[in-house]
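What follows is a single structure, written as structure tokens, with notes after it.
The values are calculated or read from the model by the stated rules, or taken from the named source; none is laboratory data. In this text, all values refer to a predicted model and were calculated from it rather than measured experimentally. Here the Cβ positions follow ideal geometry from the backbone for every residue, glycine too, while neighbour counts run over all protein chains shown. The protein model used for the area step is the full one, side chains on, heavy atoms only, and it has no ligands, DNA or RNA in it. Shrake-Rupley method; radii C 1.70, N 1.55, O 1.52, S 1.80 Å.
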Amino acid sequence: FQLNQDKTNFATLRNIQGLHAPLKIQMEFRAVKQVQRLPFLHSSNIALDTLRGNDECIGFEDILNDPSQSEVMGEPHVMMEYKLGLL
């Protein structure tokens, strides 16, 4: 759903403001997606939600959270070593 909505928004923006506007927003999306927390902490991606306009919407995941986003934290040192390829 989100991919189709983004395509529609980009097409509308391209028709109204020209080719530069959707390209600028896509570059901002890519830059925001690269910002992550450490591997043992969950990233909320609040900047991406703000760019898409989803920061003010209450969705299914806000009420009935995904089990993979539980508050159980792993061993930070082991997770960082795995991420860096030391294990």
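The table that follows gives values for the structure above.
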quantity	calculated
Within the accessible area of the chain (1.4 Å probe), percent carbon and sulfur	58 percent
Exposure of His42 as accessible area (Å², to 10), given a probe of 1.4 Å and all protein chains	100 Å²
List Ile46, Ile25, ordered by accessible area with a 1.4 Å probe, largest first	Ile46, Ile25
Value of relative contact order over the chain, rounded to a whole percent, pairs C-alpha under 8 Å and six or more apart	24 percent
Accessible area per residue in Å² at 1.4 Å probe, computed on region 1-84	86 Å²
Under the Karplus curve 6.51 cos²θ - 1.76 cosθ + 1.60, θ = phi - 60°, whole-Hz ³J(HN,Hα) for region 75-87, x wherever Gly or Pro sits	6, x, 5, 5, 5, 5, 5, 5, 5, 7, x, 7, 9
Distance between modelled label sites at Glu81 and Glu28, nm, 7 Å Cα→Cβ extension	4.2 nm
